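The values are calculated or read from the model by the stated rules, or taken from the named source; none is laboratory data. Fair warning: this is a prediction, and the values are worked out from it, not measured in the lab. Using ideal geometry, Cβ is built from the backbone for each residue, glycine included, and neighbour counts are taken over all protein chains shown.
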Amino acid sequence: MSTLYEELSRVSTYEYSEEEVREFEALHEEIRALKKQRNAVIVAHNYYRPEILKVADFVGDSLELALMAQKVRDADVIEFCGVNFMAETAKIVNPSKTVLLPNLMAGCQLADSAPAEDLAAKIDELKKQYDDLAVVSYVNTTAAVKALSDIIVTSANAAKVVRSLDSRNILFVPDRNLARHVADQVPDKNIIPWEGFCYVHQQITPEEIAKIRATDPELEILVHPECRPDVAKLADAVLSTSGMVRYAKERPASRFLVVTECGLSDRLAMEVPDKTFLKGCKLCAFMKVTTLEDVRDSLLYMRYEIDVPEDVRVPAERALQRMFDATE
Ligand code: 13P
Ligand code: SF4
């Protein structure tokens with residue numbers, strides 16, 4: 001029995017047979033050889049399938065992946081195992097690199113809920129009302145939306161970034177649940193939320209979380225800020241995906257309920273085998289659409305290249321750089 005089979009067996013989202021895991025190992029070999037040939041670096045989001053995380057050079061949340069992409073120097077290619085807005089962000093901050101997204105179906109419903117034309121109209125309307133309006137966009141937005149924004153935030157730094165702004169009136173795009181979370185933490189700002197939400201996190205109800213907790217009162221509950229406010233209220237900590245990883249490693253507690261996309265508890269089960277991670281989670285179809293074969297084919301055929309036109313990239317980069325500066 002291979003070590004990889006043992007590791008993947010600790011993960012509960014997918015049950016792989018030994019034969020499937022042997023195929024993964026063969027694909028890992030091919031991917032490593034192609035990575036060398038293409039002089040590529042593979043980065044992956046925490047929600048990706050575990051067999052893809054195992055071949056990545058770096059795994060992280062949206063903020064860590066953006067910072068990592070900005071720092072890539074020696075590699076020519078960034079193989080981005082994430083969703084479209086994350087790959088766009090990598091291209092925005094490091095335009096001389098070839099950025100590949102292995103499967104073009106890997107979009108984000110939350111990002112799509114804020115079309116740039118609608119945002120431009122909303123900004124015009126609100127600027128008539130508020131002289132000091134600041135447009136704060138979550139990183140889960142298209143490049144065109146970032147280009148219209150004053151500053152970007154991620155789930156790891158949203159409250160800190162908003163607190164750092166001089167403006168009192170903030171249009172917060174597109175996640176209303178994250179907007180509410182920020183408003184609770186920064187009460188002196190007038191947060192005007194865009195009415196978007198993530199279909200994955202929105203499905204999680206306080207009833208199902210309370211039911212799991214009732215079976216195990218010792219559990220520490222970790223909740224992603226894209227969850228509904230009545231779910232966030234039940235949390236011991238509201239954190240970004242990598243924030244949850246750090247928290248679970250550092251805390252003395254040994255049992256956690258992980259309330260976000262299911263990939264995160266899979267990563268935790270593999271990386272922190274001496275602790276227990278219960279799932280209060282749902283699956284994101286966009287994060288799970290990419291397979292290990294897609295990653296191999298992407299490096300083999302150099303597809304699908306992500307491009308951002310310069311007139312969008314430059315203002316989008318400015319908004320992202322402001323976020324990096326506000327959180328360093
Ligand atoms: P993180 O930045 O916390 O990893 O979240 C990204 C995301 O898409 C959550 O749904
Ligand atoms: Fe987008 Fe939600 Fe999927 Fe994250 S979990 S990528 S916000 S659809």
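A few notes on this one:
- Looking only at the range 212-246, and only at residues there that are among the basic types (Lys, Arg) and in contact with a Leu (Cβ under 9 Å, 6 or more places away or on another chain), the one that is farthest from Met270 (Cα to Cα): Arg213
- Residues (outside any loop (DSSP other than H, G, I, E, B), within 16 Å of ligand 2 (Cβ to nearest atom) and either free of Cβ contacts under 8 Å to residues at least 40 places away in the same chain or under 14 Å from Val139 (Cβ atoms) (or both)) located in the range 154-177: Ala158, Phe172, Val173, Asp175, Arg176
- Of the helices (runs of 4 or more DSSP H) lying entirely inside the range 1-107, those containing at least 2 residues that are modelled with pLDDT of 95 or more and not aliphatic (A, V, I, L, M) are 18-38, 50-53, 62-71, 84-93.
- Residue satisfying condition, being among the β-branched types (Val, Ile, Thr) and away from ligand 1 (no atom under 16 Å from the Cβ), within set Val93, Val59, Val72, Val83: Val72
- Scanning the range 37-56 for residues that are surrounded by 23 or more Cβ atoms within 10 Å (Cβ to Cβ), away from ligand 1 (no atom under 16 Å from the Cβ) and closer than 21 Å to Glu261 by Cα returns a single hit, Glu51.
- Tallying residues that are closer than 24 Å to Phe286 by Cα, out of contact with any Lys or Arg (no Cβ under 9 Å at 6 or more places or on another chain) and part of a loop (DSSP other than H, G, I, E, B) within the range 189-224 yields 2.
- Positions within the range 278-300 being within 16 Å of ligand 1 (Cβ to nearest atom), crowded, with 16+ Cβ neighbours inside 10 Å and more than 22 Å from Val99 (Cβ to Cβ), in sequence order: Lys279, Gly280, Cys281, Lys282
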